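The values are calculated or read from the model by the stated rules, or taken from the named source; none is laboratory data. Fair warning: this is a prediction, and the values are worked out from it, not measured in the lab. Cβ placement follows ideal geometry from the backbone for every residue including glycine, while neighbour counts extend to all protein chains displayed.
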Amino acid sequence: MFREMSFLWYWTSRMLSSTSFQMLSVAIGWQMYALTHSAFSLGFVGLAQFIPMVVLTLVVGHVADRFDRRVIVYLCQFAECAITALLLYETVRGTLNQEQILLVAAVLGTCRAFEGPAASALLPQLVSKNALQRAISWATSGNQTAMIVGPSIGGVLFAFGPSCVYATVTGALLVAAFASVLIRVEKTIREPKRVSLHSLLEGLVFVYRRKVILGTISLDLFAVLLGGATALLPIYAQSILHTGPWGLGIMRTAPAVGALAMSLVLAYFPLKRSIGLTLFGALGVFGLATMLFAVSKNFSLSLFALLLIGASDVISVVIRSSLVQLLTPDDMRGRVNAVNSLFIGTSNQLGEFESGMVAGFIGAVPAAFIGGLGTLVVAAAWMYLFPSIRRIQSLSEG
């Protein structure tokens, strides 16, 4: 019961934090565009949040391994709460400008850069090794739910004004922070280590030496990098499927719905055998579904393909996350999860960039199709380059 209650508080905290971030993204984006009427300004908001994650990767991982991860999580959430309260204050006063929004975005990006690896490394301390896959599945379901409901709630509340969004998010983050405070973990004695270049780079060295971890993390990077067809959804909605804005909204939601459904299935029916082959099989389905979506001219078939994309992606996410957590010693989990977060964040950002650039040169349909085909090629190549992953039968082998 001690561990179950702590996981409940953990799940509640992550759910509220992720939902709040999705709501903030909607409100900040709309408010920035209302102030500037510039698409470039929206890009700078995303860049301001992304840069801290890249710059601080080595630092945040070291901090997560050196200090109490639970404390790091709730301090970051209290800071995010304070920043959102400042947004609310400036919005009510009518003095919020684009420079302040960019500064807030950078601070939020910094907080999340510290919060993410610490929260990921905290999870294995809350559940037993045998329950970790199920816990990751529940955590993934919470994240997917946040991706679905967060933008919707943010959009509805924004209709009443941005201050309504900021007030709601401030309250949600405050509850999330107090939920994190209530988490109880078994005390881990950490030997204080002198901060050095070696200790900062230790996570990268560990990932490089453990071929299974290197393979799973790099597999995510290249597979998502090539399979970023969802970035082309506006083109499909307007010019190929001719559905308009309503269709775009449904298509954007479809992968998250598929992912949520599959994560719930995995939470109740964890994967127990042929883990390596299941991982590559899920990537194969992801690539084929992407190719199906690329050539589809039927809206229902396209939705089906997007649901498959989301569902297959979650299978690989749960397996990869479980392997990374189980194969990493507790005193290294912060640094390894920081590297993992960087790879995931980079793949998502660069994947959208890659898809957009290729589509600009050869068109959306060939770009999406080649992306799906590229995912299949990467999966086949990684089966050859990392045979140790292919041979994994169960997560307990870690």
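Taking the options Arg93, Arg134, Arg69, name whichever one is crowded, with 22+ Cβ neighbours inside 10 Å and of a type in the set (Lys, Arg).
Arg69
Name the residues in region 289-339 that are out of contact with any Lys or Arg (no Cβ under 8 Å at 6 or more places or on another chain) and of a type in the set (Asp, Glu), would you?
Of everything in region 289-339, those that are out of contact with any Lys or Arg (no Cβ under 8 Å at 6 or more places or on another chain) and of a type in the set (Asp, Glu) turn out to be Asp313, Asp330.
Of all residues in region 237-250, count the ones that are under 21 Å from the mean Cα position of the chain (by Cα) and crowded, with 22+ Cβ neighbours inside 10 Å.
0
Of the numbered conditions (1) crowded, with 23+ Cβ neighbours inside 10 Å; (2) within 26 Å of Arg320 (Cα to Cα); (3) modelled with pLDDT of 85 or more; (4) not hydrophobic (A, V, I, L, M, F, W, C), Ser263 fails exactly one; give the number of that condition.
If we test Ser263 against (1) crowded, with 23+ Cβ neighbours inside 10 Å; (2) within 26 Å of Arg320 (Cα to Cα); (3) modelled with pLDDT of 85 or more; (4) not hydrophobic (A, V, I, L, M, F, W, C), just (3) comes out false.
For (1) under 19 Å from the mean Cα position of the chain (by Cα); (2) buried (at least 22 other Cβ atoms within 10 Å of the Cβ), each residue gets a yes or a no:
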site	(1), (2)
Trp11	yes, no
Ser17	yes, yes
Met32	no, no
Phe44	no, no
Leu56	yes, no
Ala85	no, no
Gln98	no, no
Val107	yes, no
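Condition first: β-branched (Val, Ile, Thr), under 23 Å from the mean Cα position of the chain (by Cα) and either within 26 Å of Trp11 (Cβ to Cβ) or surrounded by fewer than 17 Cβ atoms within 10 Å (Cβ to Cβ) (or both). Now tell me which residues in region 286-311 satisfy that.
Ile309
Leu271: at pLDDT below 90 and within 19 Å of the chain's Cα centre (by Cα), yes or no?
Answer is no for this residue.
Restricting region 52-104 to residues that are assigned to a helix (DSSP H, G or I) and charged (D, E, K, R), which is modelled with the highest pLDDT?
Step by step, filter region 52-104, then rank; the result is Glu80.
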